[in-house]
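Below is one structure; the comments refer to it alone.
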Amino acid sequence: MDRRKFLSTAAISVCALSYGSFADNTADPKRPNILFIMTDQQFADIMSCRMGNQYINTSAMDSLAKNGMLFTNAYAPNPLCMPARNSIFTGRYPHETQCQKNGPGSLDTKQFPSMGTYFKNAGYDTGYVGKWHLWYKTKRATASTTPTFSTATVTTMKYPPLQLSS
C-alpha cells in the first residue's frame, strides 16, 4: 500500500469513527469529543496553513487546524518513531520506558498505561487507527489484544506490523 492510499484510508477511518458512536457524547454534553491525529515524517511548518500552498496543499489538515487545536511549539522526546510514540501515548520519557530505539520491546500496560486507558476509564469509547509502533506486550494490535482501546485498526504500509513478544 503506498503512502497516499494509506493516508486516505486512515482519514476515511477516522472520519467514520468520529461520526459514529465515538462522537456520541449525549450522556454528558459537557464532555468534549477528542480526536488525536498524529502525522509522520514532516517538519513543524509542513502545512499550507503555516507555509502557504506554493509547494504543498494540506487542505484537510488546514481545516482541522482552523476548527480544532494546532500546536505550533511542540517538541518530540526522541527523533525515532517508536520512542516518540511511546512517550506521547504514555506521557513518560524514553529513558523511563526504556524505549530508546525502533525495534522489539515490551511495555507493561499496568506500569505504563496509555492515553487510551485513561480515556477508556473516564467513560470514552476509544479507537486506534494507523500504524501501531508501541512497545506494549502484544503480537499484533487488534481490539482483542489491545486492552487500552475499544477498537484498534492497524493499517500496514510497506512493512508488516512489528511482531512483539508476549
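Brief remarks follow.
- Segment 64-109: trypsin sites (Lys or Arg not before Pro) in DSSP coil with no more than 14 other Cβ atoms inside 10 Å: Lys101
- 3J(HN,Hα) from dihedral phi, segment 120-134, Karplus parametrisation 6.51/-1.76/1.60, rounded to Hz, x for glycine, proline: 4, 5, 8, x, 7, 7, 10, x, 9, 10, x, 6, 6, 6, 10
- Remark: segment 70-75, residue by residue, has Karplus-estimated 3J(HN,Hα) of 10, 8, 9, 9, 10, 10 Hz, where x stands for each Gly or Pro and the curve is 6.51 cos²θ - 1.76 cosθ + 1.60 at θ = phi - 60°.
- Relative exposure of Ser114, Ser106, judged by other C-beta atoms within 10 Å (fewest first): Ser106, Ser114
Throughout, read-outs are computed from the coordinates displayed, never taken from laboratory work. Since the structure is predicted, the reported quantities are computational estimates derived from the model, not experimental observations. Methodologically, a virtual Cβ is constructed for each residue, glycine included, from the backbone with ideal geometry; neighbour enumeration extends over all protein chains shown.
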